[in-house]
Amino acid sequence: MSRTQLAGTVRTGLQIRSAVAADCEAISSFVTGLSLRTRFLRFFAPASPPSPSLLRGLCGVTGSDVLLATDGSEVVGHAMAADGTGPDGGRVADIGLVVADSWQNRGVGSAMLQGLADRAAERGVSALVMDVLPENRRMLEMISRHWADASYEFRPDAVTVRVPLPGAPHRGVAA
């Protein structure tokens, strides 16, 4: 992705792009700069500073697809997809997304989520899977706005959301 104009943003020039190895320090600073609540909603724990293994994953070193939203040199959003195999044998992408507190509700998360979905479909992924805390209403509402056909599994500690990707091969029954 190149420069992206987002509906509802105050500034233009926000860029959504793939993460590179040189971004690791900026990603660590981004995570550390999130509010405690935002970190908890994304990581289900405070996660500050990120452990070396978490940071490797956030930087894409472990093979995940990582997108960053940047305003100049500042990271203002992070999204990642880790591909795997679903219970039906199809390829799925486990998605995680977080936007800096001051950039929330400005279209950044929606643009990043769509970018991850498009890239996953190009890789042959048939569904996105997201674990979301039940109290993270913003994220659950954003998902429902994007995908009316999402399925939800409610558990006491998390909501697992599964989104079939259009045009991707589907096998068996969605879990």
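The values are calculated or read from the model by the stated rules, or taken from the named source; none is laboratory data. All values derive from a computational prediction rather than experimental measurement. Note: ideal-geometry Cβ built from the backbone for every residue, glycine included; neighbour counts use all protein chains shown. Side chains included, ligands, DNA and RNA excluded: accessible areas come from the protein's heavy atoms. Shrake-Rupley method; radii C 1.70, N 1.55, O 1.52, S 1.80 Å.
Take LEU6 and tell me if it is outside any strand (DSSP E or B), open to solvent by less than 60 Å² (accessible area, probe 1.4 Å), more than 26 Å from PRO134 (Cβ to Cβ) and modelled with pLDDT under 90. It is true that LEU6 is outside any strand (DSSP E or B), open to solvent by less than 60 Å² (accessible area, probe 1.4 Å), more than 26 Å from PRO134 (Cβ to Cβ) and modelled with pLDDT under 90.
Against the condition in a loop (DSSP other than H, G, I, E, B), open to solvent by less than 20 Å² (accessible area, probe 1.4 Å) and modelled with pLDDT under 95, how does ALA174 come out, does it pass? In short, no. Close Cβ contacts (under 7 Å, 6 or more residues apart or on different chains) running from residues in the stretch 42-60 that are modelled with pLDDT of 85 or more to residues that are loosely packed, with under 14 Cβ neighbours inside 10 Å and part of a helix (DSSP H, G or I) comprise CYS59/ALA21.
Residue by residue, here is whether (1) buried (at least 19 other Cβ atoms within 10 Å of the Cβ); (2) touching a strand residue (DSSP E or B) at 6+ places or on another chain (Cβ under 9 Å); (3) modelled with pLDDT of 95 or more holds:
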| residue | (1), (2), (3) |
| --- | --- |
| VAL99 | yes, yes, yes |
| GLN114 | no, no, no |
| MET130 | yes, yes, yes |
| TRP147 | no, yes, no |
| HIS170 | no, yes, no |
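Being basic (Lys, Arg) and modelled with pLDDT under 85 is not true of ARG39. The lone criterion from (1) within 24 Å of SER18 (Cβ to Cβ); (2) assigned to a helix (DSSP H, G or I) left unmet by LEU97 is number (2).
For the structure I just gave you, tell me whether ARG123 is at pLDDT below 95, open to solvent by 30 Å² or more (accessible area, probe 1.4 Å) and either among the hydrophobic types (A, V, I, L, M, F, W, C) or farther than 30 Å from ALA22 by Cβ (or both). Walk me through how you get there before you give the answer.
Working: at pLDDT below 95: yes; open to solvent by 30 Å² or more (accessible area, probe 1.4 Å): yes; either among the hydrophobic types (A, V, I, L, M, F, W, C) or farther than 30 Å from ALA22 by Cβ (or both): no.
The answer is no for ARG123.
The residues of the stretch 37-56 that are assigned to a loop (DSSP other than H, G, I, E, B) and within 16 Å of ASP94 (Cα to Cα) amount to a single one, PHE44. Only a single item in (1) assigned to a strand (DSSP E or B); (2) touching a helix residue (DSSP H, G or I) at 6+ places or on another chain (Cβ under 9 Å); (3) open to solvent by 30 Å² or more (accessible area, probe 1.4 Å) is not met by GLU135, and it is number (1).
Scanning the stretch 78-118 for residues being over 21 Å from PRO164 (Cβ atoms) and hydroxyl-bearing (Ser, Thr, Tyr) gives a total of 1. When you look at PRO156, is it farther than 18 Å from GLY33 by Cβ and surrounded by 12 or more Cβ atoms within 10 Å (Cβ to Cβ), yes or no? Considered against the rule, which asks whether it is farther than 18 Å from GLY33 by Cβ and surrounded by 12 or more Cβ atoms within 10 Å (Cβ to Cβ), PRO156 comes out as no. Does PRO87 satisfy being more than 23 Å from VAL31 (Cα to Cα), open to solvent by 80 Å² or more (accessible area, probe 1.4 Å), touching a residue at least 40 places away in the same chain (Cβ under 8 Å) and more than 14 Å from the chain's Cα centre (by Cα)? When the stated conditions are applied, PRO87 passes them.
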